Amino acid sequence: MSAGTPGGLALLGQTVPVGTSQRLIWEGGGTFDGGSAEGIPVFIVNGNAPGPLVCLTAAIHGDELNGIEMVRRIMQDLDPARLSGGVVGIPIVNLQGFRRGSRYLPDRRDLNRFFPGNPSGSAASRIAHSLFTDVIRHCNGLIDIHTGSLNRTNLPQLRADLRNERVRQFADGFGGLVVVQSPGVPGTLRRAATDLNIAAVTLEAGEPGRLQSVEVRIGVDAIFRLFQQLGMLDRLRLLKQPKPVYYRSTWVRADDGGILFSLVRLGQVVSAGDILGTVTDPITNEQSLIYSPVRGRVVGMALNQVVMPGFATFNLGIEAGDARNGSLMESLEAPPDEEPEGSRDLGDPDEQERPE
Ligand SMILES: [Zn+2]
């Protein structure tokens, strides 16, 4: 769909006139506890000149707060009179999880494993279907904003399937953010959107349960750089665009259980053989070291905590496209090491795999 055209922007049963901002309601995220349906606010800025429609979604995981503030700042700052195209912002997709401070829906399902959804499936699947059908599939581009999972933190970064040329061009527009190649776990909003050939990325920044000013600012700046790059903002001159750096990523796991202390910080470049952290058994006092198996950059990591053997501790980005790794596309074809935590082992022992 093209936004900013004379007929207005039709979405959620309404028409948003050209050159205006509106707040609409998406009903599909309603309660399923017998109460009346509860609407989720959807902010729309429809520019006064034609251009792409970009969707911003945050808090699909209700405890991931940084994206809520990013969407608020962006939607408040956009002036429809100076925008080409349109922007749709949903600051809190999982309002019920947000209210309970939880990643999950009230039925303990992870909404971001049910896209594109099914209108006659589980509650999560119906909510996913409604969001996907009523909003997402109308967008040309999607930025789904997340943070690390429980007790983990992420360097601000994009995750994108760079094998899709449209996605790759979109990811390039954010400027100098780290871009990690990832096809996306099936069921995620990004994966479902990419499958429809929508230019979709995940923007990861920081930790759940916190509002982090530096991470929020980095995300907002990157999204505005994208809008400029897409020709959506009538700034006098384009800000200088740093080159994106592509990575593939791998998790380093603890082989022993105990108390984890990190010896590196987010964003740090490490060499193969460097010590990333220590794990100490509080009873036997035995200590083991976690070594980096590769040269890479710390793009995600566990906070200091008690870990079990096998716990994913450090997520290392391995630069793609440098001579040692062969050509960019070759190295992107390497087996993906997705965030190993599916919907079931995010520190939530009650979460069970359920049939759709
Ligand atoms: Zn998330």
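Put simply, of Leu162, Leu105 the only residue that is without any contact (Cβ under 8 Å) to a residue 60 or more places away in the chain and in a loop (DSSP other than H, G, I, E, B) is Leu105. On the stretch given as region 69-95, residues that are free of Cβ contacts under 8 Å to residues at least 60 places away in the same chain and either part of a strand (DSSP E or B) or among the β-branched types (Val, Ile, Thr) (or both) total 2.
Being outside any helix (DSSP H, G or I), assigned by TED's automatic domain parsing to the domain that holds Asn140 and under 19 Å from Ser2 (Cα atoms) is a description that does not apply to Gly62.
Can you pull out every residue in region 206-221 that is of a type in the set (D, E, K, R) and over 18 Å from Val298 (Cα atoms)?
The answer is Arg210, Arg217, Asp221.
Here is the figure for region 97-124: residues that are among the polar types (S, T, N, Q) and more than 19 Å from the chain's Cα centre (by Cα) total 3.
Only one of the numbered conditions (1) farther than 16 Å from Asn94 by Cβ; (2) over 13 Å from the mean Cα position of the chain (by Cα); (3) in contact (Cβ under 8 Å) with a residue 24 or more places away in the chain is violated by Phe132, and that is (1). Can you say whether Pro208 is assigned to a loop (DSSP other than H, G, I, E, B) and touching a residue at least 12 places away in the same chain (Cβ under 8 Å), as far as the supplied structure shows? Yes; evaluated as a whole, the condition is true for this residue.
With the requirement that a residue be within 13 Å of the ligand (Cβ to nearest atom) and either in contact with a strand residue (DSSP E or B) (Cβ under 6 Å, 6 or more places away or on another chain) or of a type in the set (S, T, N, Q) (or both), what does region 158-202 give you? Within region 158-202, Arg159, Thr188, Leu189, Arg190, Thr202 meet the criteria. Note on region 108-138: residues that are away from the ligand (no atom under 13 Å from the Cβ), in a helix (DSSP H, G or I) and buried (at least 22 other Cβ atoms within 10 Å of the Cβ) amount to 5.
For Val201, indicate whether it is crowded, with 21+ Cβ neighbours inside 10 Å and closer than 23 Å to Leu316 by Cα. Answer is yes for this residue.
Does region 22-33 include one or more residues that are modelled with pLDDT of 95 or more, within 16 Å of the ligand (Cβ to nearest atom) and in a strand (DSSP E or B)? No, that holds for no residue.
In this structure, does Pro156 turn out to be closer than 29 Å to Gln305 by Cβ, in the same structural domain as Phe114 (by TED's automatic domain parsing) and part of a strand (DSSP E or B)? So Pro156 fits the description; yes. Considering only residues in region 145-176 that are in contact with a Gly (Cβ under 8 Å, 6 or more places away or on another chain) and among the aliphatic types (A, V, I, L, M), the one that is surrounded by the fewest Cβ atoms within 10 Å (Cβ to Cβ) turns out to be Leu150.
Does Gly39 satisfy the criteria of being at pLDDT below 95, of a type in the set (Gly, Ala, Ser) and under 21 Å from the mean Cα position of the chain (by Cα)? Taking the combined requirement at face value, the residue does not satisfy it.
Asn197 fulfils the conditions (1) closer than 28 Å to Cys139 by Cβ; (2) part of a strand (DSSP E or B); (3) at pLDDT 95 or above; (4) of a type in the set (S, T, N, Q) except for a single criterion, (2).
The rows are residues; the columns are (1) within 16 Å of the ligand (Cβ to nearest atom); (2) buried (at least 19 other Cβ atoms within 10 Å of the Cβ); (3) among the β-branched types (Val, Ile, Thr).
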{"site": "Ile44", "(1), (2), (3)": "no, yes, yes"}
{"site": "Val54", "(1), (2), (3)": "no, yes, yes"}
{"site": "Thr57", "(1), (2), (3)": "yes, yes, yes"}
{"site": "Leu65", "(1), (2), (3)": "yes, yes, no"}
{"site": "Met75", "(1), (2), (3)": "no, yes, no"}
{"site": "Leu78", "(1), (2), (3)": "no, yes, no"}
{"site": "Arg82", "(1), (2), (3)": "no, no, no"}
{"site": "Gly85", "(1), (2), (3)": "no, yes, no"}
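The values are calculated or read from the model by the stated rules, or taken from the named source; none is laboratory data. Since the structure is predicted, the reported quantities are computational estimates derived from the model, not experimental observations. Please note: Cβ atoms are built from the backbone with ideal geometry, for glycine as well, and neighbour counts cover all protein chains shown.
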